[in-house]
Amino acid sequence: MDLYQALRPLLFHLDPETAHNLAFWLGERACSWPRLPEPRPPATLRRHALGLDYPTPLGLAAGLDKGATLLPLWKSLGFGHVEIGTVTPRPQPGNPRPRLFRFPQAGLILNRMGFNSEGAEVVAARLRRRPAGLIVGGNLGKNKETPEAQALDDYRAAYRLIAPQVDYTALNVSSPNTPGLRNLQAPEALKPLLGGMLELRREMGLEHQPLLLKLAPDLAPEDLAAIVEVAVASGISGLIATNTTLDRGVVAEPLRALVEAKGAGGLSGAPLKAKARGVRRQILAALRGRLPLVACGGLGSAADVRDALEDGAALAQIYSALIFEGPSLIQSIYEGLR
Ligand SMILES: Cc1cc2nc3c(=O)[nH]c(=O)nc-3n(C[C@H](O)[C@H](O)[C@H](O)COP(=O)(O)O)c2cc1C
């Protein structure tokens, strides 16, 4: 029996954040089961990317397991990698509730969580007990009250604690829910940020650990090209595209009015698919193979993942589709990819 399908009516009846918390409560119980299944994905799914051997090309995108509490479960469900976070250096509560909205009729999620984080110290301590055999990325952000001009200090503080415990790190400069964060994508701001992070990586002796940058889907084509040049010149290891969109135009009427009525936040899931793919293709064209790209945004089937990989992405990540379809989606993607 598919437990998620059995629980889905209850989970979707509850307020989304309560459902999330209940699912995590159950997930934590599952993590302590003595014999979680050990998936053995076929060797044909293996991928070498970013200097790492991924058992499969599919990972869990950042934002679902912000505190790295369910790593054994993600591993047993068959994800090739998991990006934990966003983790901020100091704990912070995030935005007031309600801040998470589902629209199952469209496979759409609206969120303005605003980096609710237990802080890097707590998450790093948990990561010390992470299961072997799962690639874990640490997605890093800044605290809300930290002025933009001091953002680098925050990323560095989070990096110092998280990087030693993970296989790669990702700088999140693309969440729409921390005021001013996306300004860090501007080339003048990005250059010192990436330079400062790479310097710290070297100081810590982690120069072989991939450092990625996660981008928004709301960048204009000319800005994308400039950002790609800054990223390549900096010497970082790769890009993740994309985060959620602020563009309400991805939602068709009459749903758009309902979404707009819920207020601010980023959109993810099926309605983001075409936009995110368009942005990825622009990035891939500008990259000309100089850096690997991790595809994210609106992926919800084996065909979507295959399209992303055929476009040139090295790996793919999902979030929203997992909420609507449940964990059986992971194996069905692998069956379709074979
Ligand atoms: C509720 C929610 C919270 C998220 N939190 C984060 C986050 O903390 N950091 C981050 O980089 N991305 C975050 N994301 C964005 C996802 O990682 C992903 O980029 C986006 O949802 C697009 O993928 P999807 O369409 O498969 O959901 C969040 C997404 C959702 C739905």
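The values are calculated or read from the model by the stated rules, or taken from the named source; none is laboratory data. The model shown is predicted, which means the values in this text are computed figures rather than measured ones. Ideal geometry is used to build each Cβ from the backbone, glycine not excepted, and the neighbour counts take in all protein chains shown. Side chains are part of the model used for accessible areas, which takes the heavy atoms of the whole protein and leaves out ligands, DNA and RNA. Shrake-Rupley method; radii C 1.70, N 1.55, O 1.52, S 1.80 Å.
Tell me, yes or no, whether the stretch 37-47 has at least one residue that is closer than 30 Å to LEU14 by Cβ and touching a helix residue (DSSP H, G or I) at 6+ places or on another chain (Cβ under 9 Å). Explain how you work it out, then say what you get.
Going residue by residue through the stretch 37-47, those that are closer than 30 Å to LEU14 by Cβ are 37, 39.
Remaining after also requiring touching a helix residue (DSSP H, G or I) at 6+ places or on another chain (Cβ under 9 Å): 37, 39.
Looking through the stretch 37-47, at least one residue is closer than 30 Å to LEU14 by Cβ and touching a helix residue (DSSP H, G or I) at 6+ places or on another chain (Cβ under 9 Å).
Looking only at residues that are in a helix (DSSP H, G or I) and under 12 Å from ARG277 (Cβ atoms) in the stretch 310-331, which one is most open to solvent (accessible area, probe 1.4 Å)?
Taking the stretch 310-331 as the starting set, the residues that turn out to be in a helix (DSSP H, G or I) are 310-311, 320-325, 328-331.
After this cut, where a residue has to be under 12 Å from ARG277 (Cβ atoms) as well, the list is 310-311.
Details: GLU310: 136, ASP311: 42 Å².
Checked the stretch 310-331; the qualifying residue most open to solvent (accessible area, probe 1.4 Å) is GLU310.
All but one of (1) in contact with a Ser or Thr (Cβ under 9 Å, 6 or more places away or on another chain); (2) within 25 Å of LYS262 (Cα to Cα); (3) open to solvent by 50 Å² or more (accessible area, probe 1.4 Å) hold for ARG8, so report the exception by its number.
(1)
Condition first: within 19 Å of the chain's Cα centre (by Cα) and open to solvent by less than 50 Å² (accessible area, probe 1.4 Å). Now tell me which residues in the stretch 198-223 satisfy that. Before the answer, list the steps.
Initial filter on the stretch 198-223 (within 19 Å of the chain's Cα centre (by Cα)): 209-219.
Correct list: GLN209, PRO210, LEU211, LEU212, LEU213, LYS214, LEU215, ALA216, PRO217, LEU219.
Which pairs do you get when a residue that is among the basic types (Lys, Arg), found in the stretch 121-135, comes within reach of a residue that is open to solvent by 30 Å² or more (accessible area, probe 1.4 Å), reach meaning Cβ atoms under 8 angstrom, with the pair 6+ apart or on two chains?
Partner pairs satisfying both residue conditions: ARG126/THR69; ARG128/GLN165; ARG130/GLN165.
Would you check which residues across the stretch 28-41 are open to solvent by 40 Å² or more (accessible area, probe 1.4 Å) and outside any helix (DSSP H, G or I) and list them? Can you show your working first?
Restricting attention to the stretch 28-41, the residues satisfying the condition of being open to solvent by 40 Å² or more (accessible area, probe 1.4 Å) are 28-29, 32-35, 37-41.
Residues satisfying the conditions are SER32, TRP33, PRO34, ARG35, PRO37, GLU38, PRO39, ARG40, PRO41.
Output the residues belonging to the stretch 70-88 that are assigned to a loop (DSSP other than H, G, I, E, B) and away from the ligand (no atom under 14 Å from the Cβ). Spell out the reasoning first.
Filtering the stretch 70-88 down to residues assigned to a loop (DSSP other than H, G, I, E, B) leaves 70, 78-80, 88.
Within the stretch 70-88, LEU70, GLY78, GLY80 qualify.
Are there helices (runs of 4 or more DSSP H) fully within the stretch 208-288 with at least 1 residues that are within 13 Å of the ligand (Cβ to nearest atom)? List them.
Working: elements: 221-234, 255-261, 273-287.
Result: 273-287.
Yes or no: THR146 part of a loop (DSSP other than H, G, I, E, B), at pLDDT 95 or above and either among the acidic types (Asp, Glu) or surrounded by 20 or more Cβ atoms within 10 Å (Cβ to Cβ) (or both)?
Working: part of a loop (DSSP other than H, G, I, E, B): yes; at pLDDT 95 or above: yes; either among the acidic types (Asp, Glu) or surrounded by 20 or more Cβ atoms within 10 Å (Cβ to Cβ) (or both): yes.
Yes.
Name the pairs whose Cβ atoms lie under 8 Å apart, with the first residue in the stretch 78-107 and free of Cβ contacts under 8 Å to residues at least 40 places away in the same chain, the second part of a loop (DSSP other than H, G, I, E, B) and open to solvent by 50 Å² or more (accessible area, probe 1.4 Å), and 6 or more positions between them or separate chains?
Close Cβ pairs (under 8 Å, with a partner that is part of a loop (DSSP other than H, G, I, E, B) and open to solvent by 50 Å² or more (accessible area, probe 1.4 Å)) amount to PRO91/GLU118.
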